[in-house]
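Just below is one structure, and these are the notes that go with it.
The values are calculated or read from the model by the stated rules, or taken from the named source; none is laboratory data. What you see is a predicted model, and the numbers here were worked out from it, not measured in a lab. Here the Cβ positions follow ideal geometry from the backbone for every residue, glycine too, while neighbour counts run over all protein chains shown. The area values use the complete protein model at the heavy-atom level, side chains included, leaving out ligands, DNA and RNA. Shrake-Rupley method; radii C 1.70, N 1.55, O 1.52, S 1.80 Å.
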Amino acid sequence: MIYRKILAGFCLAFLALHGCIKDAPLNPEADIESVQLDQSLLTGNVFIDQINRTITLNLTDDAFQNGISPVLRLSEGASVVPESGSTIKFDGTEDITYSVTSASGKNTKIYTVKVVNVGNWGFDFENWQSNPTDGYEFPIESGNVQIWSSGNPGVALSGIPPRRDAYPTRSTTDGYLGSKAAELVTIKGTTLSEFVGIRLFAGSLFLGGFNASQALLNPLAATEFGQPYVGLPDRLTGYYKYTAGAEYQNREGAVQPGVKDRCAIYAVLFNGSERLNATNVMTSDRVIARAQLADGSDKASFTRFDVPFVYRQGVTISDNVMVAIVASSSADGNEYRGAIGSRLIVDSLRVIPRL
């Protein structure tokens, strides 16, 4: 009898406990976390821009012509159309997109697939698009492919107004050729950025992408430099004009009398398909050659530059190489030093190949 009472009590307790346990809510995330392809189909790593919801693919000619079958890793429980592993082909008639729906069914994200044309290394900055949420601009190439990025996505996290002219990197009609060029301006930091010791933002523009996941933890690592290059480059050419801001300040915001701000324009050739970033682009042993503007002083009118790639002696060149082009309105802007108001305009950049 006692045994039966104990067993009955246990059963009642179990039923009561079970009744209190509710099913865990379904995952609301709807992200494409990774895209996997055979390395033989790629000339560079796949890049997923979670901010602008784009997937940039650096494909070989064969892969572009014949189509690919990417394997997608999604947020837990999410579904995608077309399905992971489906063959997609690039006929140029319309954008290829993936529609991801969360496990909860409450969220859907559309990712657009972009393919980089590595054969064209002339950049006139004629076409720009705006981020729909934060308002900053970025240049695009033919086919609406984005291969250039800037520090704008990081600046957006600082509480800046969502207007194109509030950001340090934007388009301008003050160009050398055509209707537009790239304008880079060093601006004052926001109240939020100053709280973490960032008192200015230099305008920056670079071939590559911005890794938003690193923006707060390691801002310099968030700037990922490089696009795949076929062959070897010989020279970097282009046009620029520059006006330095009135007062150069250090990272603490103290004005440095006698110090003049200067701009920076350079290109780096390096081994491998993995991008470098602002922490290692000048120091990595993967670097093969550099082309750097020597004179970053004021230029009242557009000035042409033509700088050679200087190759390191004895370096081994791999089958896969990448080129990064970087421009900044303050050469020390990666260390948050410079002059507020410094303004750099760049136009008609060209990477001239070795013959």
Which trypsin sites (Lys or Arg not before Pro) in the range 224-285 sit in a loop by DSSP (not H, G, I, E or B) and have at most 11 other Cβ atoms within 10 Å of their own Cβ? none
For the range 69-129, what is the accessible area per residue in Å², given a 1.4 Å probe and the full set of protein chains? 54 Å²
Using +1 at the Cβ of each Lys and Arg and -1 at the Cβ of each Asp and Glu in the chain, identify which of 132, 110, 26 lies farthest towards the dipole's positive end. 26
Any chance you could check the Cα centroid distance between the range 159-178 and the range 293-323 for me, in angstrom? 25 Å
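Tell me the relative contact order for the range 149-261 as a rounded percent, counting alpha carbon contacts under 8 Å between residues six or more apart.
Working: 151 pairs, mean separation 24.2, N = 113.
Over the range 149-261, the number comes to 21 percent.
What does the helix-only formula give at 222 nm for the chain: each DSSP H stretch with n ≥ 4 adding -39500 (n - 2.57), the total divided by the residues, and the result rounded to the nearest 500 deg cm²/dmol? Intermediate results must be reported in sequence, preceding the final value.
Numbers: 5 runs with 39 residues, N = 355.
Rounded to the nearest 500, the figure is -3000 deg cm²/dmol.
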From Cα coordinates alone, what are the radius of gyration and Dmax values for the range 177-255 in angstrom? 16.3, 46
Selected from 203, 189, 67 as most flexible by GNM, with the chain as the system and alpha-carbon contacts under 10 Å: 67
Report the convex hull volume per residue for the range 30-176, counting only C-alpha atoms, in Å³. 130 Å³
With x for Gly and Pro, the residue-by-residue ³J(HN,Hα) of the range 262-270, computed from phi through the Karplus equation 6.51 cos²θ - 1.76 cosθ + 1.60 at θ = phi - 60° and given in whole Hz, is 8, 8, 9, 9, 7, 10, 9, 9, 8
Computed magnitude of the charge dipole of the range 73-121 (debye, nearest 20; Cβ of K, R +1, Cβ of D, E -1): 160 debye
Simple spin-label model, 7 Å along Cα-to-Cβ: residue 130 to residue 164 in nm? 0.7 nm
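Whenever you get a sec, compute what percent of the accessible area on the chain sits on carbon and sulfur atoms (1.4 Å probe).
Result for the chain: 52 percent of the exposed heavy-atom area is carbon or sulfur.
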What is the helix-to-structure angle for 2-20, meaning the angle in degrees between its Cα long axis and the longest Cα principal axis of the chain, kept from 0 to 90 and rounded to the nearest 10? 30 degrees
Any idea how far apart residue 86 and residue 179 come out in nm if each label point goes 7 Å out from Cα toward Cβ? 3.6 nm
With every protein chain present, what is the per residue accessible area of the range 132-257 (1.4 Å probe, Å²)? 42 Å²
Once normalised by the length of the chain, the mean sequence separation of its alpha carbon contacts under 8 Å that are 6 or more apart gives a contact order in percent of 17 percent
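For residue 33 and residue 144, what does the FRET efficiency come to when R0 = 25 Å and r is the distance between their Cβ atoms, rounded to the nearest 0.05?
Working: r = 24 Å, r/R0 = 0.95.
Efficiency, from the Cβ-Cβ distance: 0.60.
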Candidates [x] 22.7; [y] 17.8; [z] 25.5; which is the computed mean projected area of the Cα convex hull in nm²? [z]
